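The values are calculated or read from the model by the stated rules, or taken from the named source; none is laboratory data. Treat the numbers as computed from the prediction; the structure is a model and nothing was measured. Cβ coordinates were reconstructed from backbone atoms using ideal geometry, including for glycine residues, and neighbour counts include every protein chain displayed.
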């Protein structure tokens, strides 16, 4: 891809996260701007563009793909549309930031990553926490041996979701707790524990329409570590993670979106507990967009793209469904 000094973005759709997090993150980090908003409905695109000061709008996602003045595309569409439009953007030579999960199954994920490899394009999944200073600090502590070899990871994400009108609650659009919030602790586990795993047990609570309201699993990884995983559409917002090693543990109160009040507790046997606060009030995608812009302007090498280990999250999703006996129920 050509080096660009100012990244010209298009947004596919008018999702709330685009207005609430993506656009403010662009303002925060600099180096890019939203030049085009496209939606299936031209009036929705116009209204969104007017409200957020976007210069151009159009009806139809293909308009962004075909536009020669667009360098990168942000895709916050329903899960079932992620792979299709990521592939279209890559084939058109655009950089891509796609909302998680970027595919609905391991087979689909492999198709997308294959296209990314063949085109040589840049594509990232919108797991902003992978680029946050707190995640870098956790990896640093683990690599330094602060807590010894990892023996357990406890990855939890419970989130209220009682609005039945949203795509999160539509099984035909690959909604549900596992795909909506569960992929966060699964991605963190892959980051810490690697790619070789075996599901020991798994369960899912499904509605009559095939929507999973809760998922849990125990998963063994190579090296002897076990993941204890929970995700649900609960009445209480509760994201958390613990990384337990031979010498101590790390307790992370805001592992996936770190706010000012969130803490990283470092507990090592024989030492005084330490608490670090690495959160901020910056918009969610600030660190990830800073990295993307640095890659596109030629000042940084790309990290954690779709071609690295992104498909691994879908491998875990598929394995959990198979073990729970819910494969194909309510999923595309």
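Taking residue 294 and the conditions (1) modelled with pLDDT of 95 or more; (2) out of contact with any strand residue (DSSP E or B) (no Cβ under 8 Å at 6 or more places or on another chain); (3) surrounded by fewer than 20 Cβ atoms within 10 Å (Cβ to Cβ); (4) under 26 Å from residue 79 (Cβ atoms), which numbered condition does it fall short on, given that it satisfies the others?
Every listed condition holds for residue 294 apart from (4).
Just to be sure, is residue 220 in contact with a strand residue (DSSP E or B) (Cβ under 9 Å, 6 or more places away or on another chain), in the same structural domain as residue 111 (by TED's automatic domain parsing) and surrounded by fewer than 17 Cβ atoms within 10 Å (Cβ to Cβ)?
Values: in contact with a strand residue (DSSP E or B) (Cβ under 9 Å, 6 or more places away or on another chain): yes; in the same structural domain as residue 111 (by TED's automatic domain parsing): no; surrounded by fewer than 17 Cβ atoms within 10 Å (Cβ to Cβ): yes.
Judged against the criteria, residue 220 is not a match.
Answer with yes or no whether residue 307 is under 17 Å from residue 107 (Cα atoms), assigned to a helix (DSSP H, G or I) and at pLDDT below 95. Spell out the reasoning first.
Working: under 17 Å from residue 107 (Cα atoms): yes; assigned to a helix (DSSP H, G or I): yes; at pLDDT below 95: yes.
In short, yes.
Restricting to the stretch 1-23, count the residues that are free of Cβ contacts under 8 Å to residues at least 40 places away in the same chain and part of a loop (DSSP other than H, G, I, E, B).
If we filter the stretch 1-23 for residues that are free of Cβ contacts under 8 Å to residues at least 40 places away in the same chain, which is where we start, we get 2, 6, 14, 16, 19-20, 23.
Narrowing further to those that are part of a loop (DSSP other than H, G, I, E, B): 2, 6, 14.
Residues in the stretch 1-23 being free of Cβ contacts under 8 Å to residues at least 40 places away in the same chain and part of a loop (DSSP other than H, G, I, E, B): 3 in total.
Residue by residue, here is whether (1) within 19 Å of the chain's Cα centre (by Cα); (2) in the same structural domain as residue 119 (by TED's automatic domain parsing); (3) under 28 Å from residue 111 (Cβ atoms) holds:
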{"site": "256", "(1), (2), (3)": "yes, no, yes"}
{"site": "260", "(1), (2), (3)": "no, no, no"}
{"site": "296", "(1), (2), (3)": "no, yes, yes"}
{"site": "300", "(1), (2), (3)": "no, yes, yes"}
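Residue by residue through the stretch 200-209, note down the ones that are touching a helix residue (DSSP H, G or I) at 6+ places or on another chain (Cβ under 9 Å) and either crowded, with 19+ Cβ neighbours inside 10 Å or part of a loop (DSSP other than H, G, I, E, B) (or both).
Our first condition is that a residue be touching a helix residue (DSSP H, G or I) at 6+ places or on another chain (Cβ under 9 Å); within the stretch 200-209, this holds for 200-207, 209.
202, 204, 207, 209, listed by residue number.
Quick check on residue 181: is it free of Cβ contacts under 8 Å to residues at least 60 places away in the same chain, in contact with a strand residue (DSSP E or B) (Cβ under 9 Å, 6 or more places away or on another chain) and either surrounded by fewer than 20 Cβ atoms within 10 Å (Cβ to Cβ) or assigned by TED's automatic domain parsing to the domain that holds residue 244 (or both)?
Taking the combined requirement at face value, the residue satisfies it.
Having 2 or more residues that are within 13 Å of the chain's Cα centre (by Cα) and within 23 Å of residue 13 (Cα to Cα) is the bar; report the helices (runs of 4 or more DSSP H) wholly within the stretch 69-148 that clear it.
Working: elements: 79-91, 106-119, 133-143.
Output list reads 79-91.
Residue-wise test of (1) surrounded by 15 or more Cβ atoms within 10 Å (Cβ to Cβ); (2) within 22 Å of residue 213 (Cβ to Cβ); (3) in contact with a strand residue (DSSP E or B) (Cβ under 6 Å, 6 or more places away or on another chain).
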| position | (1), (2), (3) |
| --- | --- |
| 231 | yes, yes, yes |
| 234 | yes, yes, yes |
| 242 | yes, no, yes |
| 245 | yes, no, yes |
| 249 | yes, no, yes |
| 252 | yes, no, yes |
| 257 | no, yes, no |
| 264 | yes, no, yes |
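Looking at (1) outside the structural domain of residue 265 (by TED's automatic domain parsing); (2) in contact with a helix residue (DSSP H, G or I) (Cβ under 8 Å, 6 or more places away or on another chain), which is the one condition that is false for residue 163?
Of (1) outside the structural domain of residue 265 (by TED's automatic domain parsing); (2) in contact with a helix residue (DSSP H, G or I) (Cβ under 8 Å, 6 or more places away or on another chain), only one is false for residue 163: (1).
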